[in-house]
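The structure under discussion appears below in the form of structure tokens.
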Amino acid sequence: EAGVAQSPRYKIIEKRQSVAFWCNPISGHATLYWYQQILGQGPKLLIQFQNNGVVDDSQLPKDRFSAERLKGVDSTLKIQPAKLEDSAVYLCASSPGGANFGETQYFGPGTRLLVL
Amino acid sequence: KQEVTQIPAALSVPEGENLVLNCSFTDSAIYNLQWFRQDPGKGLTSLLLIQSSQREQTSGRLNASLDKSSGRSTLYIAASQPGDSATYLCAVKGNKLVFGAGTILRVKS
């Protein structure tokens, strides 16, 4: 079974530029998550999708971050414009979904973003 | 708001030693607690998941316990090996998955 795929793996941009990350979850997984992991901290949930609907985006800085999951499969996360403090690893995860709150999440390798 | 704390922040041990990593959380209303491993430049790998109704889970040399009432969990690693060197993250699942900052483990050969 293929795991969660993310691209690009690394990205370096200057502040005020825009950037986009892509995630392809495990086939058949209904729930998709984006996390931000700043160096020395644990991952923090940015947004959760159930199929193509948003379940939780309470910690997403909506003035500069946006995410979409068209057709309930792939997802993109965009930052526009980027700030220095956005330098982090952006992790995508997926889970089978549904009402089972006890299920585990499967994580991709992450995209490491450096904003100069 | 759920807060997860992991102690120690870093640990260095000689190969073969048994060790314990600690995790505490502030809100006991959780569905489960999970321990992850993170290697440099890689994503997270789930090691053990303990449902809120369970007390412990074991996998090979790893044993995790959960005391929901006191808001504590421990990850016990037996006979540590250099390949165990990684960052270990604890996460609790309420309405979202909340992570601790992790314990950086180095096992010296």
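Tabulated values for the structure
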quantity	calculated
Yes/no for A:ALA93 being under 20 Å from A:VAL4 (Cα atoms), more than 14 Å from chain B (Cβ to nearest Cβ), assigned to a strand (DSSP E or B) and small (Gly, Ala, Ser)	no
Within the stretch A:23-38, considering residues that are touching a Pro at 6+ places or on another chain (Cβ under 8 Å) and surrounded by fewer than 18 Cβ atoms within 10 Å (Cβ to Cβ), the one farthest from the other protein chains (Cβ to nearest Cβ)	A:GLY28
Of all residues making up the stretch A:62-86, the number that are under 16 Å from A:GLN37 (Cα atoms) and surrounded by fewer than 13 Cβ atoms within 10 Å (Cβ to Cβ)	3
Failed item in (1) crowded, with 16+ Cβ neighbours inside 10 Å; (2) at pLDDT 95 or above, with B:ASN32 passing the rest	(2)
Top-ranked residue in the stretch B:84-109 [being crowded, with 20+ Cβ neighbours inside 10 Å and in contact with a helix residue (DSSP H, G or I) (Cβ under 9 Å, 6 or more places away or on another chain); ranked as nearest to B:TRP35 (Cα to Cα)]	B:LEU105
Filter result for the condition that a residue is away from chain B (no Cβ under 11 Å), at pLDDT 95 or above and on the phi > 0 side of the Ramachandran plot, over A:ARG64, A:ARG16	A:ARG16
Qualifying residue in the stretch A:21-31 (condition: under 14 Å from the mean Cα position of the chain (by Cα), outside any loop (DSSP other than H, G, I, E, B), over 22 Å from A:LEU114 (Cβ atoms) and touching a residue at least 24 places away in the same chain (Cβ under 8 Å))	yes
Residue under evaluation A:GLN36, criteria (1) touching a Lys or Arg at 6+ places or on another chain (Cβ under 9 Å); (2) assigned to a helix (DSSP H, G or I), criterion not met	(2)
Odd one out for A:GLN37, checked against (1) polar (S, T, N, Q); (2) touching an Asp or Glu at 6+ places or on another chain (Cβ under 8 Å); (3) at pLDDT 95 or above	(2)
Residue check, A:LEU45 within 11 Å of chain B (Cβ to nearest Cβ) and touching a strand residue (DSSP E or B) at 6+ places or on another chain (Cβ under 7 Å)	yes
Positions within the stretch B:60-83 being surrounded by 20 or more Cβ atoms within 10 Å (Cβ to Cβ) and of a type in the set (Val, Ile, Thr), in sequence order	B:ILE77
Any hit, the stretch B:66-84, residues being among the charged types (D, E, K, R), within 14 Å of chain A (Cβ to nearest Cβ) and free of Cβ contacts under 8 Å to residues at least 60 places away in the same chain	yes
Residues within the stretch B:13-47 that are assigned to a strand (DSSP E or B), over 13 Å from B:ARG72 (Cα atoms), within 10 Å of chain A (Cβ to nearest Cβ) and in contact (Cβ under 8 Å) with a residue 12 or more places away in the chain, tallied	4
Output for the stretch A:78-105, where each listed residue is farther than 22 Å from A:GLY40 by Cα and within 14 Å of the chain's Cα centre (by Cα)	A:LYS78, A:SER94, A:SER95
Qualifying positions in the stretch B:1-55 - of a type in the set (D, E, K, R) and more than 29 Å from A:PRO25 (Cα to Cα)	B:GLU15, B:GLU17, B:ASP27, B:ARG55
The stretch A:60-84, residues that are part of a loop (DSSP other than H, G, I, E, B) and touching a residue at least 40 places away in the same chain (Cβ under 8 Å)	A:VAL73, A:ASP74, A:GLN80, A:PRO81, A:ALA82, A:LYS83
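The values are calculated or read from the model by the stated rules, or taken from the named source; none is laboratory data. What you are looking at is a predicted structure, and each value in this text was computed from that prediction instead of being measured. Don't worry about glycine lacking a Cβ; one is built from the backbone with ideal geometry, like all the others, and counts go over all protein chains shown.
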